[in-house]
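Readers should treat all values here as calculations from the given coordinates under stated rules, not as data from a laboratory. Computed from a predicted model, the values in this text were never measured in an experiment. Every residue, glycine among them, receives a Cβ derived from its backbone with ideal geometry; neighbour counts consider all protein chains shown.
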There are 2 protein chains.
Amino acid sequence: MPQNQENKKQLVNHLSLDCVVFGFHENQLKVLLLRMKKTREWALPGGFVYSDESMEVAASRVLQERTGLGSIFLKQFHIFSDPRRSDKNPAVSDVIEFGQNSPEQSFFDQRFITVGFYALVEYSKVQPQPDVLSDHCDWVSLTDVGHLMMDHRQILDKALETLRQQLLFQPIGYNLLPEKFTMPELQKLYETILGCELDRRNFMRKMRSYNILDKLDEVKSGGAHKAPSLYRFNVGNYTKALEEGLNGRW
Amino acid sequence: MPQNQENKKQLVNHLSLDCVVFGFHENQLKVLLLRMKKTREWALPGGFVYSDESMEVAASRVLQERTGLGSIFLKQFHIFSDPRRSDKNPAVSDVIEFGQNSPEQSFFDQRFITVGFYALVEYSKVQPQPDVLSDHCDWVSLTDVGHLMMDHRQILDKALETLRQQLLFQPIGYNLLPEKFTMPELQKLYETILGCELDRRNFMRKMRSYNILDKLDEVKSGGAHKAPSLYRFNVGNYTKALEEGLNGRW
């Protein structure tokens, strides 16, 4: 809403942000979604920008409200500006009571251009919280995500495309996996993002060649099969690979 | 301006776009800049968005006006939204005559959030055209770019950073080099983007391993030294490498 009760700061017209929050749990890539109160449609967590905020600050604020996390790895990846994208906006007036000709109503009736952010978070640390327009906030496995509100499916797909591209030259996993993990768990993360199965030996060989993992003197216990070895990211090499690419400088 | 004389379409408040147009000429990476009439500051070509345009359509329109080119390889790379970035806007009223309390004046006085696009163009095809706020539009070698208006230097640097990252996993050059080029010319393009010198043999070995070049039965004539071989991009393999990354799929 343009005027916040506690806080008379003005929101910037026309601009919104939507966040694709990825978490990894039980060998599945999950995304944080909200269910809208009236339409029952699922939507990405999103929000608006105050006049004294950058988009990044606004996105951090929105995600803190939805997840309880203060510090999140967050990255803008695309701006969605199809002039017709807001036409598909579910009537917000069905959800919130506005006075006639209220500024709140006309704020929501605008064309919105939205900035997509993606976030990689540790699943277990998130405490999902619905916003005023929704009655439910929860993790949904990527394979179970169906229709989403407006162009949110397109925003989710673009975030995935960005992650996939990142896998071609940067390591991934540090913000998604627990501190210690097995090679099959890491492979499963890659497979879920890429949307296809990978050859086990090839994956292991390639991953080892990047020199970003430390093999621990521990195995994962509790499984039915032979206990697999545990690994941890070598933070120094991981950070270097983030900066210089997995295949080194030119 | 909010109202265009020929065309009464409304511009979207708060939103602008800025384009970093790269061209390669005489072994130098160049960027297209405008010189502002009053302040004499150099600036990136930019513009605003009509209510019926996406950001991409608006950026294409702006670049067609500045370069004469109808079809340009153009990619959004970042949104710049520091709430103070427009404070450094040179007084547009020094350049354009507004009526008192005119809507044009208040349009320019807003906070602007700008979307950065970068474009790779064939230098020789561009016919630089200044806009209403500028008296000069020209190519400037990257090494000669000094102070730029507002945060345009930051926008240029971020575009370069994006190109550098792209070099880690994607080929580059198809939109920048002439159809036939020598290995030293291709290496010079990489060196200019990376801002450092590369080892000649290492570069050649790495580039050949990507299988994106066809060596021609021709040499480049006219130089003082031994005539170097000419190459051409293998468009099929180049396109595949753009999609799958230089090091192949996972």
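Could you state, as a whole-number percent, how many of the C-alpha pairs of the range B:40-85 are farther apart than 18 Å?
So the portion of pairs separated by more than 18 Å is 39 percent.
How many angstrom lie between the C-alpha centres of the range A:55-74 and the range A:161-236?
Measuring centre to centre over Cα atoms gives 27 Å.
Rule-of-thumb check for the range A:150-250: C-alpha Rg over 2.2 N^0.38 Å?
Against the empirical 2.2 N^0.38 Å value, I get 1.17 for the range A:150-250.
Using a label position 7 Å from Cα in the Cα→Cβ direction, what is the ascending list of nm distances from B:Glu244 to the same site in the other copies?
Output for B:Glu244: 2.7 nm, nearest copy listed first.
Suppose a student asked you for the relative contact order of chain A, using Cα pairs under 8 Å spaced at least 6 residues apart; what percent would you report?
Rounded, it is 22 percent for chain A.
What is the distance, in nm, between label points placed 7 Å from the Cα along the Cα-to-Cβ direction at A:Arg40 and at A:Thr239?
5.0 nm
Would you mind giving the average projected area, over all directions, of the Cα convex hull of the range B:200-250 in nm² with one decimal?
Its average projected convex-hull area is 4.4 nm².
Computed from the mean reciprocal separation of all distinct C-alpha pairs, what Kirkwood hydrodynamic radius does chain B have, in Å?
After inverting the mean inverse Cα-Cα distance, the result is 19.9 Å.
Can you list, bin by bin at 5 Å, the percent of alpha carbon pairs in the range A:103-150, starting at 0?
For the range A:103-150, the pair-distance distribution reads 4, 11, 15, 25, 22, 11, 8, 3.
For the range B:17-70, divide the Cα radius of gyration by the Kirkwood radius and give the resulting Rg/Rh value with two decimals.
1.03
Grab the eigenvalues of the alpha-carbon gyration tensor for the range B:178-218, scale each by 5, take roots, and send me the semi-axes largest first in whole angstrom.
Computed over the range B:178-218, the values are 18, 13, 8 Å.
Which cross-chain or sequence-distant (5 or more) residues have an amide H under 5 Å from the amide H of B:Ser16, H modelled 1.01 Å from N in plane?
Here the answer is B:Ile113, B:Thr114, B:Val115, since their amide H atoms fall under 5 Å of that of B:Ser16.
When chain A is treated as a GNM, springs tying every alpha-carbon pair under 10 Å, which of A:Leu168, A:Leu176, A:Leu11 comes out with the largest mean-square fluctuation?
Sorting by GNM fluctuation, first place goes to A:Leu168.
In the neighborhood of B:Gly23, defined by Cβ-to-Cβ distances under 13 Å, what is the net charge if each Lys or Arg adds +1 and each Asp or Glu adds -1?
0
Translational diffusion coefficient of the protein assembly as shown at 37 °C, 0.692 mPa s, Stokes-Einstein with Kirkwood Rh over Cα pairs, in µm²/s as a whole number.
Diffusion coefficient, whole number: 130 µm²/s.
For the rotation bringing A onto B, which A residue has its Cβ nearest the axis, and at how many Å?
Residue nearest the A-to-B axis, with distance in whole Å: A:Phe169, 2.
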